[in-house]
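> This is the structure I want to talk about, given as structure tokens.
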Amino acid sequence: MKTVYDVMQLLKRYGIFVYIGDRKLDLTMMLEELRELYDNNLLSLEEYGQANLILRKEISALSDSREGAGNNE
């Protein structure tokens, strides 16, 4: 698992489709869904850790890019 798309495919295996319309909110909801799957012993620690890291990096990158864009105005 290397990309957000891979995480989406993992969630899809469990019938979970996330689309709110805001990228950051989508990623945050995916984190919540992952946590639920892990808490219910449906994901291994390795799967959960990889997916969690991918989503957190993407959220961080979005936050950084939005902050940078805000400073230019």
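> Keeping the other protein chains in place, figure out the carbon and sulfur percent of the accessible area of the chain, with a 1.4 Å probe.
Details: 2530 of 5090 Å².
About 50 percent, which is the carbon plus sulfur part of the accessible surface.
> Continuing with this model, one more query. For every helix of n ≥ 4 consecutive DSSP H residues, a contribution of -39,500 (n - 2.57) applies; sum these over the chain, divide by its total residues, and give [θ] at 222 nm rounded to the nearest 500 deg cm²/dmol. Please report the intermediate quantities before stating the final value.
Values: 3 runs with 54 residues, N = 73.
Helix-only estimate at 222 nm: -25000 deg cm²/dmol.
> Could I ask something else about it? Just the accessible area per residue of segment 7-47, please: how many Å² with a 1.4 Å probe?
On the way: 2790 Å² over 41 residues.
On a per-residue basis, 68 Å².
> Mind pulling the angle between the C-alpha long axis of helix 23-39 and the longest principal axis of the chain? Nearest 10 degrees, somewhere in 0 to 90.
With both axes taken from Cα atoms, the answer is about 20 degrees.
> Mind pulling the angle between the C-alpha long axis of helix 45-71 and the longest principal axis of the chain? Nearest 10 degrees, somewhere in 0 to 90.
Tilt of helix 45-71: around 10 degrees.
> Turning to a different aspect of this structure: Apply 1/(1 + (r/R0)^6) to the Cβ-Cβ distance of Ala61 and Asn40, taking R0 = 30 Å, and write down the FRET efficiency to the nearest 0.05. Mind dumping the intermediate values first?
Details: r = 29 Å, r/R0 = 0.96.
After rounding, the FRET efficiency stands at 0.55.
> Taking the full set of protein chains and a 1.4 angstrom probe, give the accessible area of Lys57 in square angstrom, rounded to the nearest 10.
For Lys57, solvent-accessible area is about 130 Å².
> Using only Cα atoms, tell me the angle between helix 4-13 and the longest principal axis of the chain; keep it within 0 to 90° and round to the nearest 10.
Value to nearest ten degrees: 30.
> In whole Å, how far is the Cα centre of segment 20-39 from that of segment 46-64?
Centre-to-centre (Cα) distance: 11 Å.
> What does the charge count around Leu37 come to, taking other residues whose C-beta lies under 11 Å from its C-beta (Lys +1, Arg +1, Asp -1, Glu -1)? It would help to have the intermediate numbers written out before the result.
Numbers: positive: Arg13, Arg35; negative: Glu32, Glu33, Glu36, Asp39, Glu47.
Neighbourhood net charge equals -3.
The values are calculated or read from the model by the stated rules, or taken from the named source; none is laboratory data. Please read all numbers here as calculations on a predicted model, not as lab measurements. Reconstructed Cβ throughout: ideal geometry from the backbone, glycine too, with neighbour counts over all protein chains shown. Remember, those area values only see protein heavy atoms, side chains included, never the ligands or the DNA or RNA. Shrake-Rupley method; radii C 1.70, N 1.55, O 1.52, S 1.80 Å.
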